[in-house]
């Protein structure tokens with residue numbers, strides 16, 4: 001991955017410059033809050049995927065910079081709203097915007113970043129880009145809403161779970177990859193392969209992220225665990241556990257999930273059960289399967305540095321140390 | 001006004017059908033919440049202005065229906081977020097969505113309506129429409145944020161106040177009028193006149209709305225008064241009062257505005273002072289001035305039924321009984 005980051009360093013720095021330059025609202029607090037969250041240590045995975053996809057399709061223009069900024073604005077808008085919705089206190093190790101400025105400010109700056117993204121997308125005057133971005137934003141809000149609807153739903157199925165993460169997470173990651181193909185003027189067959197590559201990579205990413213919420217690990221020291229459990233979000237490892245534990249364990253799990261209070265010992269108990277029933281192992285294996293499917297899609301392209309880089313990103317997103 | 005509504009009845013019914021048809025998210029709660037607020041008695045002033053502006057420019061196509069739906073979706077998205085931000089319990093005489101479903105659901109369905117509007121705008125494949133709509137949405141979020149920043153700001157100036165209402169309210173109303181001209185392919189001089197017409201009408205509308213929050217009136221029975229005062233929103237009549245009352249009164253006003261508790265007697269006291277100092281009278285005169293300015297703009301067009309209708313709407317928005 002280090003090679004990939006350094007290979008894309010020039011482009012990514014341009015993206016950073018573009019993001020900084022774009023945040024110039026005459027309403028000072030918007031600029032302040034937006035800078036706070038946009039400079040808060042995001043890894044820029046989406047811009048990276050967009051840049052690499054464009055390169056894979058031999059793109060030589062300059063639209064990828066602004067477009068990478070746009071997808072990061074959209075992603076950041078959802079983070080601001082998510083943090084309000086989940087009552088989050090910390091985002092990437094620093095105080096969430098809603099803690100520093102308030103829920104109301106976070107809602108409005110989220111709205112601002114959405115609309116800023118749309119303004120910049122319109123300015124690209126590329127109808128295919130605009131169709132994809134607007135449809136993706138719509139899908140993401142549906143995914144977030146579905147997740148909320150299924151909070152504390154012990155009857156959640158794997159199909160429900162995969163729909164949620166496909167909509168809320170994989171749709172934008174998939175769009176990033178397709179956008180690279182779109183601006184490069186790639187043929188449909190390549191754009192579709194990139195779409196499915198991103199789709200599978202996005203699913204892998206979210207399944208891994210959901211699983212790591214239950215994996216205590218020295219490398220991940222400082223990351224808080226059990227957030228999903230605390231919020232009543234039923235993710236893949238918990239889903240697996242609910243379907244594979246015995247009746248007595250199930251009863252305890254229900255009490256923990258639906259209980260009003262959440263104790264650290266509950267988390268330890270759940271993690272213990274997950275180990276016993278192989279739930280995190282199962283979920284990580286699923287993530288790995290999505291990575292492999294992603295690579296099947298990228299294999300449509302002839303071998304190249306850019307293809308290898310995209311595949312390395314796919315491996316990276318399910319690693320424990322990011 | 002009755003004549004105008006009935007004259008546009010066919011188009012407005014098509015807009016209603018279009019809105020209903022558009023609300024078909026596979027996530028049931030989105031459709032439910034969106035229906036609740038979109039069927040909650042909105043007057044459809046924005047669609048009406050768009051339709052009349054298009055007619056004024058001799059538009060004969062069918063794009064005004066979808067476009068009227070789009071502006072109503074954008075308006076409704078802001079209402080959902082505003083109600084969360086203001087902790088509103090009631091919207092147009094019925095329970096606010098946030099009371100019935102929750103803040104989180106209201107935030108997400110607001111996001112959904114924004115993105116639905118953008119999806120439909122992109123589908124129109126008219127770059128001028130998309131430039132205007134995305135820039136307008138951005139301006140609206142800036143206006144809402146400015147309003148929040150200036151909450152409880154006793155040093156607010158009239159310039160600040162007018163910027164807030166221009167951004168949060170007049171920008172969309174102005175856009176509705178310009179959009180009518182855009183789809184009709186009107187020349188720039190007409191589109192610009194429509195823009196300024198809508199701008200002034202929008203300012204008149206908001207000033208009147210802000211003033212009526214202090215005007216107890218038999219016709220407006222059932223409307224709660226003093227909401228802005230309670231929320232610390234400094235609007236034009238209060239601004240006028242703060243600038244024209246004596247020191248002792250100013251001290252009391254500060255205590256009421258900045259106080260943690262709000263009593264009905266405080267409102268009565270403020271309304272009394274406003275009568276004494278002519279503050280609501282001043283504000284309504286300002287609203288009337290904006291209506292006159294709007295009419296100066298529409299006078300660019302030769303006299304017609306549609307021009308008269310637009311001017312009647314301008315008179316209507318500052319009346320007390322809407």
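Packing, as the average of other Cβ atoms within 10 Å across residues, places the peptides B:188-200, B:249-261, B:124-136, A:102-114 in the order A:102-114, B:188-200, B:124-136, B:249-261, highest first.
Taking other C-beta atoms within 10 Å as the exposure proxy, B:269, A:161 rank B:269, A:161 from fewest upward.
Among A:60, B:211, a tally of other beta-carbon atoms within 10 Å of each Cβ gives an order, fewest to most, of A:60, B:211.
Averaged over the residues of peptide A:22-31, the number of Cβ atoms from other protein chains lying within 10 Å of each residue's Cβ is 3.
Using a 7 Å projection from Cα along Cα-to-Cβ, the label point at residue B:254 is separated from the same position in the remaining copies by 6.0 nm, smallest value first. Each helix, a run of at least 4 DSSP H residues, gives -39500 (n - 2.57); summed and divided by the residues of chain B, these come to -23000 deg cm²/dmol at 222 nm. The angle between the Cα long axis of helix A:45-56 and the main principal axis of chain A comes to about 50°, on a 0 to 90 degree scale. Normalised by 2.2 N^0.38 Å, with N the number of residues, the alpha-carbon radius of gyration of region B:95-252 equals 1.23.
Peptide A:119-132 shows a mean partner chain C-beta count of 4 within 10 Å per residue C-beta. Shape of region A:76-184 from the C-alpha gyration tensor: oblate (a/c of 1.5 or more and a/b not above b/c, with a ≥ b ≥ c the square roots of its eigenvalues).
Given contacts defined as C-alpha pairs under 8 Å and at least six residues apart, what's the relative contact order of region A:2-316, whole-number percent? Normalised by residue count, the contact order of region A:2-316 is 19 percent. Round to the nearest 0.05 the FRET efficiency obtained for residue A:243 and residue B:87 when R0 = 30 Å and r is the Cβ-Cβ distance. Computed FRET efficiency for residue A:243 and residue B:87: 0.15. Roughly what angle does helix B:9-22 make with the longest principal axis of chain B, taking Cα atoms, 0 to 90 degrees, to the nearest 10? That works out to roughly 90 degrees. Shape of region A:247-322 from its Cα gyration tensor (a ≥ b ≥ c, root eigenvalues): rounded if a/c is under 1.5, otherwise prolate when a/b > b/c, or oblate? Note, shape of region A:247-322 comes out prolate.
For helix B:264-277, what angle does its Cα long axis make with the longest principal axis of chain B, in degrees from 0 to 90 and rounded to 10? So the helix axis and the longest Cα principal axis differ by about 90 degrees.
Distances between copies at residue A:60, taken between label points 7 Å from Cα along the C-beta direction, are 4.8 nm in increasing order. Sorting A:288, A:21 from the fewest to the most surrounding beta carbons within 10 angstrom yields A:21, A:288. Expressed in Å, the radius of gyration and Dmax of the Cα atoms of region B:1-156 are 16.3, 50. Taking every Cα-Cα distance in region B:2-316 and sorting them into 20 Å bins from zero, the calculated P(r) comes out as 32, 57, 11, 0 percent. Counting every Cα pair in the protein assembly as shown, what percent are over 38 Å apart? It works out to 39 percent of all Cα pairs.
Per residue of B:77-87, other chain Cβ atoms within 10 Å of the residue Cβ number 2 on average. Quick check: from the Cα gyration tensor, does region B:3-65 come out rounded (a/c under 1.5), prolate or oblate? The shape class here is prolate.
Just so you know, all these numbers are worked out from the coordinates, no wet-lab data involved. Just so you know, these numbers come straight off a predicted model, no measurement behind them. FYI the Cβ positions are ideal-geometry reconstructions off the backbone, even for glycines, and counts take in every protein chain you see.
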